Amino acid sequence: MCTRERILSLLALVLLPLLTWAQEIQVSAKVDREQADVGSAVTLTLTIVNPPRGTSLDPPALGSLAIVNGPVDANRGHIANGRRGSVFTRTWVLTATKAGTYTIGPATVSVGNASITTDPITLTFVRGQDSPAAGSALEQAQQRNPDLLCVLSLNKSKAFVGEQLIATYTLYSRYGNLSSAQTGTTKANGFWVEEVELGQVNFEPAPRAVNGLQYRVAVIRKQLLIPQRSGKLKIDPVELAYRVNPSFFSQGAVVEIRTNGVELQVNEPPASKPADYIGAVGELQLNSGFKTHTVMVNEPVDLSLRFSGKANLRLIDAPQLDLPVGFETYDPKIVDRITVSASGMNGSREFQYLLIPRHAGEHEIPALTFSYLDPATGAYHTLSTGPLRITAKDDPNAPAGSSAPRQHDVKQLADDIRYIRTGDLGLHVEHAPLVYRWPFWTGLALPVLALIGLLFVHRARQQRLADTSGMRRNNAKRVAERYLKDAATALRNNEREAFHTAVGKALEGFFADRFDLGVAEVDARRIHQHLDGMDSGRTAQAYAELLAESQLARYAPLENKPRQQVYDEAVALIERIGSSPRS
Amino acid sequence: MKNALLLPLLCVFGLQAKAATDARVAAAEAAYAAGTYQEALDLYNAVALDLNSAALQYNIGNCHSKLNAVPQAILHYERALRLTPGAEDIQANLDRMRALTVDRMTSVPTFTLGTTWDRWKAGADMDQWARRALWAMLMSCALGAATVLVRTATSRRVLIGFALTGLTITGACTLLAFSRASSIQDGSQAIIMSTNLDVLSEPRAGTTKQFVLHAGTKITVLRSQGDWYEVRIANGAVGWVPVESLEVI
């Protein structure tokens, strides 16, 4: 009790003159925020209001927190309540590389033997969520070198293949005077890169504070980037060197810095790609037309296709013209009027095709369509030239044969097997070859046998034909029987004349044939001469009588015998003579 | 009598079978056109069970080559070529497939005259020479028969001359028919089906390995003993291989 009172009184004794000199000494330690992302900067400010002379400051224990910048001391005077006072601040820029809770220890301000202690501060660093790329890049760069840093940023975080992007290099400097010593090249694989002309680089009029530090800021470089393929594309950090604080006596130190690298998600153009889409992205117009509308055959004429607008114009290839037969063309001439500015690629690209009509007439080139992708909406738009018409006239002075087209060899691109045979495959049942089977040999033998048979028959017939009298004799009876048949008919019909004529012819003809005589030679004498040998002349007698009878009865209505009897006798006689052996 | 009853029955069955075959061929064509080569191959193989033709073998070969079965493709192209030697499309595809085989066989280049003769000799059908012989014989016999109709000795002599010419043609056609038949029934050519085939010195497993052949190579079978073939390759080397490693053309 006693001791405590003594201490208090002692303290009052010591502090009283101080308090009377500056009634309030205030000490405080503050951070600008108590929760921060890993890697981002937290500013710790220790403020001493009205520090008396001889004040000493014991800085706080920072533990595993890293000092990005500081300590920076500042002292400024102020007037409060009619009295002159001062404020002393000491600033640290701190950061943590790992997430977690950090404690800033108490700071002690000692004046003489007395001291004032601040409260400890608890800081929480969390794993960075969606901190803006440029922001964290800036803070990381600030960690690397707080005096001079350069941040590379893109104006988009994702893009379509062919879409234009602007990369901006922003320089943050705490040096008063600096000049560029070296600018590294941008390594951007998969990008088409074009520098944007910026002109004079100037620092922004007002300085910018980053984590409590004041910087002069300038955009030192802009680049137009056009991704050429899809996927995660990376832009590597760019090396820069600056010569700082040159003076009359020295060239100044060279400070080398490095920008941050940037990753970009590049997407394929949306599906439903039109067939005539060849990679143009942006906003485009198309103007087209022939220079003249009438041309002589074999004279060149210019066809112009002009794409204008804001797009990746330099990457537009010449569209393939669907020329009708009879036109010759060469690779088009490309005329660019393109400017690359901070807003991207602007201007126009013109394709000048030289066409040579080889035939006279009205020619129409079918409408050429061209599609481009509008990256803002992700939709395709199609431009069309409309049908292009031109009239070619015959040149009366042209020499003949000058209109022959140039010829090219056909190129073989690949060599695949030929296609299957289709339609009738000519299928047949499998069998041994015909020549090994019996039908072949039978077929071969049959005509030969037939020929041999035919020749035999023919020879026999020839021999018979060679013997005419024998032929007659052989046929005599058959001929006579034919007449006798007529006679029988006449007999039935009771026709006298026809009957006797037939019987007469039968007898006459039979005798003539039998003995190889003419019909006129048949008379009684010859009958006796040839037939007397038979039947001791009776047959000859009967034959002659019957012949006479029939000849007589043929012309006169005199009949000595009944007709039936004449007939029977004639049949009997012819039968008897015919069956007798030849005399 | 029995045959007379069977004949119309056979005709009906024949027509039905033909319709089924036509449907299969059409389905196979559609499958091939659609790119389902395995399906096309199965259909063509079903047709090939009891029918045959160069075009069918060629189409089967095409299916195999589309399925990357090089030795099978070569085998069927060779079979197709045997039925119509010198067919341009078959030869072209066969050459393409041969280019994919491992063994390089330098065969004697054939003269254009030789292939033209082969093509002419083969014609469209293996029985054409036999039929021509039959027709020539019929014609010469008809000419011989015609001699009995003519009167003058001169015209008879001319006819006999023609008939004898016809007889000569018959003989020639018969010889060509024999030559063609023997080339079709030639069982001495074979294609190697095994990917790697050791050719041994004796018809017994484990004997000295003479050389190694690969799938798709064409060889000549000299003789067989048990389950082994003695084979000769284009450069004249000879050795023994198991029966199952080959497919006779």
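All of the numbers you see were taken from the coordinates with simple rules; none came from a lab. Every value quoted in this text rests on a predicted model; they were computed, and no experiment measured them. Neighbour counts run over all protein chains shown; Cβ positions are idealised from the backbone, glycine included.
Assorted remarks:
- Kirkwood's formula applied to the C-alpha pairs of the range A:480-583 gives a hydrodynamic radius of 13.6 angstrom.
- Neighbours of B:Trp129 by Cβ distance under 10 Å: Lys/Arg scored +1, Asp/Glu scored -1, total +2.
- Per residue, the convex hull spanned by the alpha carbons of chain B comes to 205 Å³.
- Largest first, the extents of the alpha carbon coordinates of the range B:29-70 on the three principal axes equal 25, 21, 13 Å.
- Angle in degrees between helix A:538-555 and the longest Cα principal axis of chain A, rounded to the nearest 10: 80 degrees
- Between the alpha-carbon centres of the range A:334-401 and the range A:218-243 there is a gap of 35 Å.
- Relative to the longest principal axis of the Cα atoms of chain A, the long axis of helix A:468-492 lies at roughly 80 degrees.
- Calculated on C-alpha atoms, the gyration radius of the range A:432-532 divided by its Kirkwood radius gives an Rg/Rh of 1.40.
- Summarising the amide proton neighbourhood of A:Trp192: residues at separation of 5 or more, or on other chains, whose placed amide H is nearer than 5 Å comprise A:Ile226, A:Gln228.
- If you model chain A as an ellipsoid using its alpha carbon gyration tensor, with each semi-axis the square root of five times an eigenvalue, the axes come out at 147, 35, 20 Å, biggest first.
- Rounded to whole Å, the principal axis extents of the Cα atoms in the range A:166-303 read 77, 38, 26, largest first.
- The Cα atoms of the range A:454-512 cover 51, 22, 10 Å along the three principal axes, with the biggest extent listed first.
- Degrees, to the nearest 10: A:496-514 long Cα axis against longest axis of chain A: 80 degrees
- Model label points for B:Ala20 and B:Ala237, set 7 angstrom from Cα along the Cα-to-Cβ axis, are 4.8 nm apart.
- Checking the cross-link pairs A:Lys222/A:Lys333; A:Lys98/A:Lys222; A:Lys156/A:Lys310 against a 23 Å limit on the alpha carbon distance flags A:Lys222/A:Lys333; A:Lys98/A:Lys222 as lying beyond it.
- Neighbour net charge for B:Ala40 - beta-carbon separation under 10 angstrom, K R +1, D E -1: -2
- Looking at the range A:81-127, the pairs of alpha carbons with a distance over 15 Å make up 66% of the total.
- For the pair the range A:196-212 and the range A:443-507, the centres of their Cα atoms are 142 angstrom apart.
- Here the 3J(HN,Hα) profile of the range B:240-249, calculated from phi with Karplus coefficients 6.51, -1.76 and 1.60 at θ = phi - 60°, is 10, 9, x, 4, 6, 7, 10, 9, 6, 5 Hz, Gly and Pro shown as x.
- Segments A:317-326, A:161-170, B:37-46 sorted - mean Cβ within 10 Å per residue, highest first: A:161-170, B:37-46, A:317-326
- Net charge contributed by nearby residues that have their C-beta within less than 15 Å of A:Glu283 (K/R +1, D/E -1): +1
- Tensor-based shape of the range A:309-383 (alpha-carbon gyration tensor, a/c under 1.5 rounded, otherwise prolate or oblate): oblate
- Residues whose amide H falls under 5 Å from that of A:Val68, counting only those 5 or more places apart or on a different chain, are A:Val93, A:Leu94, A:Thr95, with hydrogens built in the peptide plane.
- Highest-fluctuation residue, B:Pro71, B:Pro203, B:Pro85 considered, GNM on chain B with Cα pairs under 10 Å: B:Pro203
- Normalised convex hull volume, the range B:116-249, alpha-carbon set, Å³ per residue: 140 Å³
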